[in-house]
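Quick note: the coordinates plus some simple rules give every number you see, no bench work behind them. Quick caveat, the model's predicted, so the values are computed rather than measured. Ideal geometry is used to build each Cβ from the backbone, glycine not excepted, and the neighbour counts take in all protein chains shown.
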Amino acid sequence: MYQVIGERINVVGVYKKAHFIPRKFEWQGRIYAVDRVTFISEIRDSQISKRQYSVMSQGNNYRLIFDRSEEVWELAEVWCE
């Protein structure tokens, strides 16, 4: 089941063919290397355009959201078994 986090995070990545690909993120003082991006989608929250990434790191699944209006990242959810 997913655990809602809702915390701002820092994300580092690369642009590949004009698309951003996250490579690692920092959460609670720890660095998580992104092993695989499993899903990318565009979402809208009222008038705010956001991009959502589902990523795998060390066997865990995380949902990262980039808020395009404020240019900030959020760790939305973590999969917990």
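Key figures for this structure:
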quantity	calculated
Whole-Hz couplings from phi, Karplus 6.51/-1.76/1.60, listed for segment 52-67; x for Gly and Pro	10, 10, 9, 10, 10, 9, 6, x, 9, 10, 10, 10, 9, 10, 9, 8
Spin-label model distance (nm) - N10 vs A33, 7 Å beyond Cα toward Cβ	1.9
Segment 66-81 residues near the modelled S49 label - backbone nitrogen below 15 Å, point 7 Å along Cα→Cβ	66-72
Amide H within-cut-off set for D35, under 5 Å, with H built and near neighbours excluded	M56, S57, Q58
From phi via Karplus (6.51, -1.76, 1.60), per-residue ³J(HN,Hα) for segment 33-45 in Hz, x at Gly/Pro	7, 7, 7, 7, 8, 9, 6, 9, 8, 9, 10, 10, 10
